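What follows is one structure encoded as structure tokens, with my remarks underneath.
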Amino acid sequence: MTDNVDHPQHYENGPYECILLAEQYSFNVGNMIKYVWRHKDKGHPKEDLQKALWYAKRAVEDSEGFAPCKRWFRTSTTTETFHWPGTDAATLLMIKSNLCTNQTETKFWKAVAENSSENTVAALETMIEETE
């Protein structure tokens, strides 16, 4: 049985769940990642890519960096950052881009890995054109 709350199938269509990557970014960039991640699985790829582009442009307008954000975790004694080995954004993006079969989608994931808002937006625009 599919669990559409805790583990939606459209976010598990890769080597790891989308949230492992998306939560490492700002709200807008994380949502952009989410919509690209699922665009082939919900029945409306162009709309999902357009939403991703909307979030990407909003991130640019708000001067949000396309680099991962530091997330702070509190323990009873300290405040620190922590990543499980192999779950840092760079590793996750490399894995995702290496598994893509579409060259433009590969360019998108590599642009995100390079923290390049310009190349990310350009790749999204091309992906949208390719769905028409």
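Here, each number is a calculation from the coordinates, and none is a lab measurement. The structure presented is a predicted model; accordingly, all values stated were derived computationally and were not measured. Here Cβ is always computed from backbone atoms with ideal geometry, including for glycine, and neighbour counts include all displayed protein chains.
Straightening the chain between Thr104 and Asp88 buys 3.5 nm, computed as 0.36 nm per residue apart minus the Cα-Cα spacing.
Cross-link list Lys70/Lys96; Lys34/Lys107; Lys70/Lys107: which exceed 18 angstrom alpha carbon to alpha carbon? Check vs 18 Å cut-off fails for Lys70/Lys96; Lys70/Lys107.
Which of Ser116, Ser63 comes first, and how do the rest follow, when ranked by fewest Cβ neighbours within 10 Å? Please list the in-between numbers first.
Values: Ser116 15, Ser63 7.
In order of increasing Cβ crowding within 10 Å: Ser63, Ser116.
Ranked by how many other Cβ atoms sit within 10 Å of their own Cβ, fewest first, the residues Glu61, Glu47, Glu132, Glu105 fall in the order Glu132, Glu61, Glu47, Glu105. Note on Ile128, Ile33, Ile19: ascending count of other Cβ atoms within 10 Å places them as Ile19, Ile128, Ile33, the fewest first.
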